[in-house]
Amino acid sequence: MKNIPVIMIIFGGSGDLAHRKLYPSLFNLYEQGLIHDNFAVIGTARRPWSHEYLREQVSDAIHETHDQVDENEVKAFASHFYYQSHDVTNVEHYVTLKKLAQELDDRYSAQGNRLFYMAMAPRFFGTIATHINDQHLTGSGFNRIVVEKPFGHDIASAEQLNKEITASFDENDIFRIDHYLGKEMIQNIMPMRFTNPLIKNIWSGEYIKNIQITLAERLGVEARGGYYDTSGALRDMVQNHIFQIITLLAMPEPKDLSSDSVHQAKQELLKSLIIPTPEEVKKNFVRGQYLGSDTTFAYKKEPNVDPDSTTETYVAGKTKFTSGPIAGVPIYFRTGKEFKEKKTRIDIVLKHINNPYGQAHSNNITIEVDPESKIYITINGKKIDEPGIRREDLTYVFSKEEMAKVPDGYERLLHDVFVNDSTNFTHWSELKRYWEFIDAVEDAWQKENEAGNPEIAQYLPYRMGPKEADNIFESPTEHWIYE
């Protein structure tokens, strides 16, 4: 594997994301040889750490995530890490940061390559991008920036942030990261669709009745109440994770697997995304909040949550496209807190067909993303000892040995950033279209709030959300497959 020279600057180097995900992922890439001799990482944050203390934290992060490691390898890897105490609002600190980056570039022969990672509170993204530009932190080689979600709070803030970042970076050098696109079964959607004639030939409105996407979270908001009450399930999960999945399911087949071709197919699809009217929001969307129980607080009684909050901890809705292979097919989605279990699952529901057995059910294609990774097709067959039809699953699943080889989503996506492959990242034109959809729903809900009659369903924890979500289907014979 090619050894890529680079100086990586992580804004938020003392944070939880860096500790749990970035440092272990970088170590795996180091062991694979993608980064090795000619790289250094600068961790920045407000805490008064030293280089040595950061290296201790990096070593701890690796030991927490790896069962067995070569201690000499860990020590050698950690020696490439440096710490710079940094207030992102202080211009002088960027001057110091630039000086350190250049010193390390010379020391490690990094060839002027810079990689910036925003791993801190989103409210600082624009400030950091602005000062990277006005203090000339970019190097003489490649310059790439990785931006965590959320990319904006609505379309106006997203456009402003995009303007600030594009002052320093070209669109092709901006990697808007969504770790869901690094998950094994999400990356399996395109191969499943385009390499299997059995599936490819029925991927149309002629055969598909609807598609259902469930992103269920087992826990409540807990310590994230302050953040969550300004976001909600629609912005927190639908605007990114769910729309990424929808796009992969509904996009036309790209002419090849290059990043440009894949994004061209996605953009072609998203032009036909139907933006809902307020009337359609009222009919096709449900928002809810979880109630309390003996073991959990109700949402409105969680710490740092407004007791009069109208923020949704659950949302179910519907999307449609006017072009693409499944034009006109309803795609239903739901996500929320305090479900009965943690689960990410996609159900492709096929239409019933006329048959002499009468009672035969439709075939369904199910993709389980979390916590298991598998695909199964539900088919009909004959019962052995009595008349009638039974249902069986044809299953594609990984062995334990195979699962052990599956890289973490962050490791996979960081690899792609280093090799400059933006296939599994979001382009601005796609993100903008997602926000147009989300804003239409949020605006309709805000009008309900202002009128004093918000329709917010209440649901008990450890269930599947409010029963009102059963009413968004176009036909009374349709229902949620995963119950």
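Please treat every number below as a calculation from the coordinates, not as lab data. Treat the numbers as computed from the prediction; the structure is a model and nothing was measured. Ideal geometry is used to build each Cβ from the backbone, glycine not excepted, and the neighbour counts take in all protein chains shown.
Please determine, in degrees from 0 to 90 and to the nearest 10, the orientation of helix 155-166 with respect to the longest principal axis defined by the Cα atoms of the chain, where the helix direction is its Cα long axis.
So the helix axis and the longest Cα principal axis differ by about 30 degrees.
What number, in nm² with one decimal, is the all-direction average of the projected area of the convex hull of the alpha-carbon atoms of the stretch 108-202?
Mean projected area for the stretch 108-202: 9.1 nm², to one decimal.
Determine the dipole magnitude for the stretch 127-190: charges of +1 sit on the beta-carbon of Lys and Arg, -1 on that of Asp and Glu, nothing else is charged, the reference point is the Cα centre, and the result goes in debye to the nearest 20.
It works out to roughly 140 debye.
Taking a temperature of 20 °C and a viscosity of 1.002 mPa s, what whole-number D in µm²/s does Stokes-Einstein yield for the stretch 181-471 with Rh from Kirkwood over alpha carbon pairs?
104 µm²/s
Give me the base-10 log of I(q)/I(0) for the stretch 48-93 at each q in 0.13, 0.16 Å⁻¹, Debye formula, one uniform scatterer per Cα, rounded to two decimals.
-0.37, -0.51
List the lysines whose Cα lies under 30 Å from the Cα of Lys382, skipping any in the same chain that are fewer than 8 positions away.
Lys200, Lys209, Lys351, Lys374
Rank these for me by crowding, Ile326, Ile472, going from fewest to most other beta carbons within 10 Å.
In increasing order of surrounding Cβ atoms, one gets Ile472, Ile326.
Could you please rank His241, His63, placing first whichever residue has the fewest other Cβ atoms within 10 Å of its Cβ?
Lowest to highest Cβ neighbour count: His63, His241.
About its Cα centre, how strong a charge dipole does the chain have in debye, to the nearest 20, once Lys and Arg get +1 and Asp and Glu get -1 at the Cβ?
Rounded to the nearest 20 debye, it is 840 debye.
Could you give log10 I(q)/I(0) at q = 0.24 Å⁻¹ for the stretch 199-269, computed by the Debye formula over C-alpha point scatterers of equal weight, without solvent?
Each listed q corresponds, in turn, to -1.11.
Please work out the ratio of the alpha-carbon Rg of the stretch 6-176 to 2.2 N^0.38 Å and round it to two decimals.
The stretch 6-176 yields a ratio of 1.01.
Of Pro5, Phe125, Gln57, which is farthest on the positive side of the dipole of the stretch 1-151, counting Cα position, with +1 on Lys and Arg Cβ, -1 on Asp and Glu Cβ, and the Cα centre as origin?
Phe125
Given a cut-off of under 8 Å on Cα pairs at least six residues apart, what relative contact order in percent is computed for the stretch 344-399?
Over the stretch 344-399, the number comes to 28 percent.
To the nearest 10 degrees, how steep is helix 259-270 against the longest Cα principal axis of the chain, on a 0 to 90 scale?
Roughly 40 degrees between the two axes.
For the stretch 1-71, what log10 I(q)/I(0) values come out of the Debye formula at q = 0.12, 0.14, 0.28 1/Å, with one point per alpha carbon and no solvent?
-0.31, -0.43, -1.40
Cα centroid distance between the stretch 1-51 and the stretch 315-390, in Å?
If you average the Cα positions of each part, the centres end up 41 Å apart.
By counting other Cβ atoms within 10 Å of each Cβ, how are Phe194, Phe81, Phe473 ranked from fewest to most?
Phe194, Phe473, Phe81
Projecting each Cα onto the charge dipole of the chain (Lys/Arg +1, Asp/Glu -1 at the beta carbon, about the Cα centre), which of Asn354, Gln244, Ile177 comes out farthest on the positive side?
The one lying farthest along the dipole's positive direction is Asn354.
Report, to two decimal places, the Cα Rg of the stretch 167-315 normalised by 2.2 N^0.38 Å (N = number of residues).
1.29
Towards the positive end of the charge dipole of the stretch 6-176, with charges on Cβ (+1 Lys, Arg; -1 Asp, Glu), say which of Tyr23, Gln102, His136 has the farthest Cα.
Toward the positive end, the furthest listed residue is His136.
Can you tell me which lysines have their Cα less than 22 Å from the Cα of Lys432? Leave out same-chain residues fewer than eight positions away.
Answer for Lys432, where 22 Å is the Cα cut-off: Lys149, Lys163, Lys266, Lys271, Lys318, Lys320, listed by chain and number.
With θ set to phi - 60°, apply the Karplus curve 6.51 cos²θ - 1.76 cosθ + 1.60 along the stretch 365-378 and write out the HN-Hα couplings as whole Hz, x wherever there is a Gly or Pro.
3J(HN,Hα) across the stretch 365-378, in whole Hz: 10, 10, 10, 9, 9, 9, x, 8, 10, 6, 10, 9, 10, 7.
Count the DSSP beta bridges whose two residues both fall in the chain, then state the antiparallel fraction as a percent rounded to the nearest 5.
Taking every DSSP beta bridge with both residues in the chain, the antiparallel ones total about 55 percent.
Taking just the alpha-carbon atoms of the stretch 349-483, what radius of gyration and Dmax come out, in angstrom?
21.9, 62
Tilt of helix 428-451 relative to the longest C-alpha principal axis of the chain, in degrees (0 to 90, nearest 10)?
Compared with the principal axis, the helix lies near 60 degrees.
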